[in-house]
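Beneath this line is the structure, given in structure tokens, with notes to follow.
The values are calculated or read from the model by the stated rules, or taken from the named source; none is laboratory data. Computed from a predicted structure; not experimentally measured. Heads up, the Cβs are rebuilt from the backbone with ideal geometry, glycines too, and the neighbour counts pull from every protein chain shown. Please note that ligands, DNA and RNA were not included when accessible areas were found on the heavy atoms of the full protein model with its side chains. Shrake-Rupley method; radii C 1.70, N 1.55, O 1.52, S 1.80 Å.
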Amino acid sequence: MDTIFTKIINGDLPSYKVAEDKNFFAFLDINPLKEGHTLVVPKIEKDKIFDLDDLTLRDFIVFTKRTAKAIEKSVPCLRVGMTVIGLEVPHAHIHLIPLNDITDMSFDKPKLNLEHEKMLSIQKSIARNFE
């Protein structure tokens, strides 16, 4: 059975896609901790990130780096933090979160509820800055 992320990748569910190549997909988290909070996923379904083969893991990190650089150019922040938790969806993924303070990465904090137009604006900015 396809994960929710596979359904997003396949276009069966809507998303705010910011970047894509033949192996990876990046999209805005719809329950973000900060504006610009992005999820990066491989197109292949693997539950755990360290179950990816070495070449895929390497390419995943490089794609994630490119996405993080686009976020830094698009969202005011001191840096972009990266975390792998992977408990909520059984599909390897990386959270990229714009940071101005260490508490910006606390998943205990309430999530933002951003309007559709704001999400579209962030999406377009990150996509435009993805190299």
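A few points about this structure:
- Test: D12 is out of contact with any Cys (no Cβ under 9 Å at 6 or more places or on another chain), over 18 Å from R128 (Cβ atoms) and at pLDDT below 95: no
- Residue in the stretch 106-128 that is in contact with a Lys or Arg (Cβ under 8 Å, 6 or more places away or on another chain), exposed (fewer than 12 other Cβ atoms within 10 Å of the Cβ) and among the hydroxyl-bearing types (S, T, Y) present: no
- Within the stretch 59-79, not a single residue is under 24 Å from D2 (Cβ atoms), modelled with pLDDT of 95 or more and part of a loop (DSSP other than H, G, I, E, B).
- Applying the set (1) surrounded by 17 or more Cβ atoms within 10 Å (Cβ to Cβ); (2) in a helix (DSSP H, G or I) to T103 leaves exactly one unmet item: (1).
- Residue in the stretch 4-53 that is nearest to D108 (Cα to Cα), counting only those that are out of contact with any strand residue (DSSP E or B) (no Cβ under 9 Å at 6 or more places or on another chain) and of a type in the set (V, I, T): I30
Every residue, every condition in (1) open to solvent by less than 100 Å² (accessible area, probe 1.4 Å); (2) under 23 Å from S125 (Cβ atoms); (3) touching a helix residue (DSSP H, G or I) at 6+ places or on another chain (Cβ under 8 Å), yes or no:
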{"residue": "D47", "(1), (2), (3)": "yes, no, no"}
{"residue": "D51", "(1), (2), (3)": "yes, no, no"}
{"residue": "D54", "(1), (2), (3)": "no, no, no"}
{"residue": "T67", "(1), (2), (3)": "yes, yes, yes"}
{"residue": "I71", "(1), (2), (3)": "yes, yes, yes"}
{"residue": "P76", "(1), (2), (3)": "no, yes, no"}
{"residue": "M82", "(1), (2), (3)": "no, yes, yes"}
